[in-house]
Amino acid sequence: MKQLLTQLFAFVFFVASVGLPASAVELSGTAAQGGMLWGQVKPGVRVSLDGERVKVGPDGYFVIGFGRDAAATATLTVMQVDGTGEEQVIKVKARQFDIERVDGLPPKTVTPPPEWRERRARETGMVREARSHLTDALAWTRGFIRPAEGRFSGFYGSQRILNGEPRSPHYGLDIAGSVGTPIVAPAPGVVRLAVPDFLLEGGIIIIDHGFGVTSTLFHMNSVDVKLGDTVEQGEQIGTIGQTGRANGPHVDWRVNWRNVRLDPMLLIAPEPMKGPF
């Protein structure tokens, strides 16, 4: 674990221009698998990443992100109001991910029975809907803090072997603590989902930080907010539990940019991310 953290901190806060011409845009953040970049263009300018349109706010702010298995390069296109465009290839740093073995899980949560199928479809649909909002809110610019005190017990990108069976990689940051340990909002936002009893996630909350950036927190013992609530950074939203697919009390914190799964550790280590303001 120490080696993993050392490698992570070596590049986590790469904050600089990624080579775009000055007339286009300067990006800050982490150009790596699981990383997030942000920048500002003039109002009315269009931005796309690998041909897909990126939301640009009224003041020109935008966010982009890279998944666990992102390619070595990505192309950012900036189209000016006058129709002229510029492209720049962003080099995305590759990372190495560990294998994590998790034993002692309830068997049904590793191989869900057929009778769970309909309910799981509803639950995953609720998650998709909660993450689908694309607002002009700039709550993400406040940066992020860790949502709970405790030790890091699981890391983004790690290949998971659950009860001896290979499964999908882990896309969150696990923080272990005793049942009842407070969980706080890692950044301000609007609660888009708050349910105490998902089959695999247990107690789950999704917070919308704006621009398609969301935080998901689950395995909660208590869910202390409700759908539509506005929360401030550091405000208690629930407590650590051992609900759903968990073999010990912890909170699993995940960050998405739209459908792209990001690494929360890159937003908080070695110090909280600094937004553009």
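The phi-based Karplus calculation (6.51 cos²θ - 1.76 cosθ + 1.60; θ = phi - 60°) puts the 3J(HN,Hα) values of segment 67-74 at x, 4, 10, 4, 5, 5, 9, 9 Hz, whole numbers, x for Gly and Pro.
If I take all pairs of Cα atoms in the chain, what percentage of them are more than 29 Å from each other? Provide the component values of the computation, followed by the final result.
On the way: 12321 of 38226 pairs.
The proportion of pairs with Cα distances above 29 Å equals 32 percent.
Packing, taken as the mean count of other beta carbons within 10 Å per residue, orders the peptides 82-93, 30-41, 212-223 from highest to lowest as 212-223, 30-41, 82-93. With angles folded into 0 to 90 degrees, how steeply does helix 2-11 sit against the dominant principal axis of the chain? Use alpha carbons for both and round to 10. It works out to around 20 degrees. Using Cβ point charges alone (K and R +1, D and E -1), the dipole size of the chain about the Cα centre works out to roughly 420 debye. The alpha-carbon atoms of segment 97-139 define a convex hull whose volume equals 149 cubic angstrom per residue. Roughly how tilted is helix 117-130, in degrees to the nearest 10 and between 0 and 90, from the longest Cα axis of the chain? Around 40 degrees separate the two axes. Note on segment 198-257: Rg/Rh from C-alpha atoms, Kirkwood Rh, equals 0.97. Close amide H partners of residue 36, meaning residues 5 or more places away or on another chain with modelled amide H under 5 Å apart, are 30. In this structure, the amide hydrogen of residue 198, modeled 1.01 Å from its nitrogen in the peptide plane, lies closer than 5 angstrom to those of 203, 204, counting only residues at least 5 positions away or on a different chain. The amide H of residue 181, built 1.01 Å from its N in the peptide plane, has 240 as neighbours under 5 Å, considering only residues 5 or more places off or on other chains. Residue-normalised convex hull volume from the C-alpha trace of segment 40-178: 167 Å³ per residue.
Values quoted throughout were computed directly from the atomic coordinates according to the rules given, and no laboratory measurement underlies them. Note that the structure is a prediction, hence the values are computed from the model and not measured. Cβ coordinates were reconstructed from backbone atoms using ideal geometry, including for glycine residues, and neighbour counts include every protein chain displayed.
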